[in-house]
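Just so it is clear, none of the values below were taken in a lab; they were calculated from the coordinates. A quick note: this is a predicted structure, and the numbers were derived from the prediction, not measured.
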Amino acid sequence: MFEAAGARTLWAMHPTYLTDLLRSSSFEALLPEALRGLAALTAPQQARAPVDPIRDGATLIIPLNGPVSPKGSYGGTSTERFADQVRAAASDDKVGATIVAISSPGGMVWGTEEAGDAVFEHRQSKPIIAVASPYSFSAAHWIGSQASAYYASTSADVGSVGVRTGHVDTSGFEEKIGMKTTLLASSPKKIAGHPYGPLTEEDRADIEADILETNARFVAAIARGRGMPASQVPGVHGEGQTFSAARAAASGMIDGVMPLRDVIAKYGASRTRLALMRRRAEVSRIITDL
C-alpha cells in the first residue's frame, strides 16, 4: 500500500528519481475513484520485501536502499524500520560497529529526521559508519551525515541537499472528461492546496514556508552530524547539486573515498580485536577476584 503523496508532501529526493517516481503514479491519481481499483489490479507490484541487516562478526550492516518513506513504499526502505534497527544495534552488546550501506536517491521528508536522529544517538555509544554505494542523495544524505564517519565508494555520488514539493491542477483534465469536483470544508485552510483548481497565492506562501522551515532542519542536521556551523553547510554540501566521491572528500563533505568492502574490513577487524581485548580483560578480572 502506497503512502499518500498529496499537495503538502515534502520530498528530500534527487529530482530525476522523484520525477520518475511521481510520473509512474500520476496516471492513477488522475483517474476517477471508480476506475482506480481496476488500475490497481493491472498495475505492476512495486513494493518489495525489506532487506534485513547482515551480521559480519561483531559488525552489523544495515542497508538503506531505494526511496525512503515511513512505511517503505515505492519499493524502498521504511525509515521507521530502519530507525528501529539502528536503535537495536546500539543497545546490542554483540555489535561492535554498525555500517549503513546506502544506495538511495532520498525520499519523503516524513520519517527522515527521526531516522537521522537514531543514527546520531547510536554514535554516542559505538561507531556507526555510513557508506554511499553507489549513491546517497537528499534524505539519504541527511541520514548518512549523522554517522560517526561518512564515506563514499570510488564511483559514488552524494549530495542533492534540499526540499521540494509541487502542485498539480487537474481541473483542465476533469473538464476534458466531463467532470467537475466541488470541495466543501469548515474552513478554506482545510482544503488548502487542493488539486481541483489553480494554487492560490496564500496557499503557495504557506507551502513555501513549510519548505524553508524543513530545509533549515535539514541544514541544521548536517551541521550537527558533520560538526560544522550551519552557515557553512550550503558552501560545502551544496544547495541541490550532487558531487562525485572525490570532490566530496576534498571539500570535507564526507570523510573519504572507500568502497563498502574496505569499510567493512576496516571497522569489522578493529572492532573484533577490541571486543577480544575486552573479553580477555574481563577474564583477567574474574581470575584476579578469585
| Whole-Å distance, taken between Cα centres, linking segment 214-265 and segment 53-122 | 18 Å
| Once amide H atoms are placed 1.01 Å from N in the peptide plane, what residues at a sequence separation of 5 or more from Ile254, or on another chain, have their amide H within under 5 Å of its amide H? | Ala249
| For Gly66, residues with placed amide H under 5 Å, excluding near neighbours | Ser103, Ser104
| Calculated on alpha-carbon atoms, Rg and Dmax of segment 86-212 in Å | 20.9, 64
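With an 8 Å Cα cut-off and a minimum separation of 6 or more residues, compute the relative contact order for segment 105-263 in percent.
On the way: 244 pairs, mean separation 46.9, N = 159.
Result for segment 105-263 is 30 percent.
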| remark: Whole-Hz Karplus couplings 3J(HN,Hα) for segment 139-152, θ = phi - 60° and coefficients 6.51, -1.76, 1.60, Gly and Pro as x, run 4, 5, 5, 3, 5, x, 5, 8, 6, 4, 9, 9, 10, 9
